[in-house]
1. What is the angle, in °, between the Cα long axis of helix 202-217 and the longest principal axis of the Cα atoms in the chain? Nearest 10 is fine, range 0 to 90.
2. What number comes out for accessible area per residue over the chain if the probe is 1.4 Å? Units Å², please.
3. Could you point to the label whose value was computed as semi-axes √(5λ) of the Cα gyration tensor in Å for the structure here, given [x] 75, 41, 12; [y] 27, 19, 17; [z] 30, 20, 17?
4. So for Asp176, Asp36, what's the accessible-area order with a 1.4 Å probe, most first?
5. Expressed as an acute angle from 0 to 90° and rounded to the nearest 10, what is the orientation of the C-alpha long axis of helix 95-108 relative to the principal long axis of the chain?
6. Taking all protein chains in place and a 1.4 Å probe, what share, in percent, of the accessible surface of the chain do carbon and sulfur account for?
7. Could you give the length gained on full extension between Glu122 and Asp176, defined as 0.36 nm per residue of separation minus the Cα-Cα distance, in nm?
8. Once ligands and nucleic acids are excluded and a 1.4 Å probe is used, how much of Thr27 is accessible, expressed in Å² to the nearest 10?
Amino acid sequence: PLEAERAALAAKVEAVAAQVDAAQARTQARLDADLDYRAQRTHTQEAERTARHAADKATRSEEELTQKGASYRADTLFMYLWERQFGLPGYKASNLIRWLDGRVAQLIGFADARANFDRLNEIPQRLREHAQAQATAAAVELAKLTALDTDARKADGIPELEQAQAQAQEALDAGDARLAQADADAQALAERKASYASGEDDHTRAAVDYLASELARD
């Protein structure tokens, strides 16, 4: 009976799954013929391509910063003045230190080097900001496309079919669990019967032990 029940449940799962597949195919065919949906899909694809291109460009620029910026970061005097913000409003030092830092700055050509390092750092930052903006724009277009998909699926009753499919699968899983438990129970019963037949069960051993103790006492 359990195997027959399991077969019926499995057949129901397959039938509902076929209904879901057919409904989804009909919905997609209808959407593919819809001009508004096709236009939005094109907008979404273009936005995603633009976002990927912007992200790749930002990544390459960041890698370039790592490579070209190595010489600046390796220059101890340059990084000393850079970190102290020499030549910027945030620079603070006593008159003597200002004079010494100025001499160092002239010696290494700090003004030009700082301008170049500034640009080198600024470009990846700007490109990354642009990439993030493009990613946001792509997400907006994708949300519009998803909304059209969702509305079409609801109109064709697909969520209800998917719920019925999930319920049928849950019933099948429960049937499988009952069948597995029945098999385990049958196996345990067979093992108990075998132990009784061989005299290895607890009751038989207890009786033998009792008789042996009685005989030993006699």
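The values are calculated or read from the model by the stated rules, or taken from the named source; none is laboratory data. Just so it is clear, the model here is predicted, and its values are computed rather than measured. With ideal geometry, Cβ positions are generated from the backbone for all residues, glycine too; neighbour counts draw on all protein chains shown. Side chains included, ligands, DNA and RNA excluded: accessible areas come from the protein's heavy atoms. Shrake-Rupley method; radii C 1.70, N 1.55, O 1.52, S 1.80 Å.
1. 60
2. Numbers: 14970 Å² over 218 residues.
With all protein chains present, the chain gives 69 Å² per residue.
3. The value computed from this structure is option [x].
4. Putting Asp176, Asp36 in descending order of accessible area: Asp36, Asp176.
5. So the inclination is approximately 80 degrees.
6. Working: 8300 of 14970 Å².
Taking all protein chains in place, the chain shows 55 percent carbon and sulfur surface.
7. 13.2 nm
8. My reading of the accessible area for Thr27 is about 0 Å².
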